[in-house]
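So the structure is just underneath, and the comments pick up after that.
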Protein chains: 2
Amino acid sequence: MSHDAAALESFVKRYLDTVAGGSAAEVAALYADDATLEDPVGSGEVHIGRQAIEGFYKNLTAAGAEITTELLKFRPGGHEAAFLFAIVVGGAMRIEPIEIMTFDAEGKITSMKAYWTAADITQL
Amino acid sequence: MSHDAAALESFVKRYLDTVAGGSAAEVAALYADDATLEDPVGSGEVHIGRQAIEGFYKNLTAAGAEITTELLKFRPGGHEAAFLFAIVVGGAMRIEPIEIMTFDAEGKITSMKAYWTAADITQL
């Protein structure tokens, strides 16, 4: 189930591009059926399954604000990746989370954990 | 078992300071008895228990080279932390891993996963 570094980076870039330019359904389609999502870690809420995950991304895009993303640091390992990225919402708010993702043999995301707090938000 | 952001950051800084200035036994003492360590993620080797973990840090410090560390990005969440840091070994080699740590109620490290590859090493 291991992937090489280039493949893992392509999965992460596809994810960030889809978050920026795609619908909630398109982002959710990158996840495995039984995937889990915790964002932010420590919130006490884990979204389980693609339907719940699509609901999470619907909330993110509900306001209709333009979203841009940028990969800042990328660290692959086995079937996992850790990365620091920037997400800018509506040109007004920039957040820099660290995320951990695991992938199945087909490159679908099996788990995502996002580490960030209000202290990591910059008003632009 | 949740810790506030300042406490989590103090645990991580204590760890990085001890890696830089302490013995393998002192670093291992920051871990819980039954902690796990995977460094790098994808190596297929997970060190389980404080004794195995001390062995891992002994290998790191065996050459007697001076080690310095610097916390670059820190993201807390619940009883976990994600961080990007730099480690310089013998003034000759700089690595910038992303690590994920979990902590117990006393602030002992219960798991550590380090994400980096040869591509993240800079010869100085």
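The values are calculated or read from the model by the stated rules, or taken from the named source; none is laboratory data. No experiment lies behind these values; they were computed from the predicted model shown. A quick note on method: Cβ atoms are made from the backbone with ideal geometry, for glycine too, and the neighbour counts reach across all protein chains shown.
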Given the criteria assigned to a helix (DSSP H, G or I) and not small (Gly, Ala, Ser), does A:Thr18 qualify? yes
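Please verify whether B:Glu26 is without any contact (Cβ under 8 Å) to a residue 12 or more places away in the chain and surrounded by fewer than 13 Cβ atoms within 10 Å (Cβ to Cβ), treating the condition exactly as stated. Please lay out each step first, then the result.
Working: without any contact (Cβ under 8 Å) to a residue 12 or more places away in the chain: yes; surrounded by fewer than 13 Cβ atoms within 10 Å (Cβ to Cβ): no.
Answer is no for this residue.
For segment B:83-92, name all the residues that are in contact with a strand residue (DSSP E or B) (Cβ under 6 Å, 6 or more places away or on another chain) and more than 7 Å from chain A (Cβ to nearest Cβ).
Once the filter is applied, which keeps residues that are in contact with a strand residue (DSSP E or B) (Cβ under 6 Å, 6 or more places away or on another chain) and more than 7 Å from chain A (Cβ to nearest Cβ), segment B:83-92 yields B:Phe83, B:Phe85, B:Ala86, B:Ile87, B:Val88, B:Val89.
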Quick check: is even one residue across segment A:21-30 within 11 Å of the chain's Cα centre (by Cα) and part of a strand (DSSP E or B)? no
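For segment B:46-82, enumerate the residues that are of a type in the set (Asp, Glu) and either within 14 Å of another protein chain (Cβ to nearest Cβ) or assigned to a strand (DSSP E or B) (or both).
Kept after step one, since they are of a type in the set (Asp, Glu), are these residues of segment B:46-82: B:54, B:66, B:70, B:80.
The answer is B:Glu70, B:Glu80.
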Given the conditions (1) farther than 20 Å from B:Pro76 by Cα; (2) crowded, with 16+ Cβ neighbours inside 10 Å; (3) modelled with pLDDT of 95 or more, every one holds for A:Glu70 apart from (2)
Identity of the residue in segment B:1-21, in contact with a helix residue (DSSP H, G or I) (Cβ under 9 Å, 6 or more places away or on another chain) and surrounded by fewer than 21 Cβ atoms within 10 Å (Cβ to Cβ), that ends up nearest to B:Ala81 (Cα to Cα): B:Ala5
So in segment A:104-120, with the set limited to residues that are modelled with pLDDT of 95 or more and not in a loop (DSSP other than H, G, I, E, B), which one is nearest to the other protein chains (Cβ to nearest Cβ)? A:Tyr115
Taking A:Val41 as the residue in question, decide whether it is within 14 Å of chain B (Cβ to nearest Cβ), part of a loop (DSSP other than H, G, I, E, B), crowded, with 16+ Cβ neighbours inside 10 Å and out of contact with any Ser or Thr (no Cβ under 7 Å at 6 or more places or on another chain). yes
Within segment B:83-103, which residues are surrounded by fewer than 16 Cβ atoms within 10 Å (Cβ to Cβ) and outside any strand (DSSP E or B)? B:Gly90, B:Gly91, B:Ala92
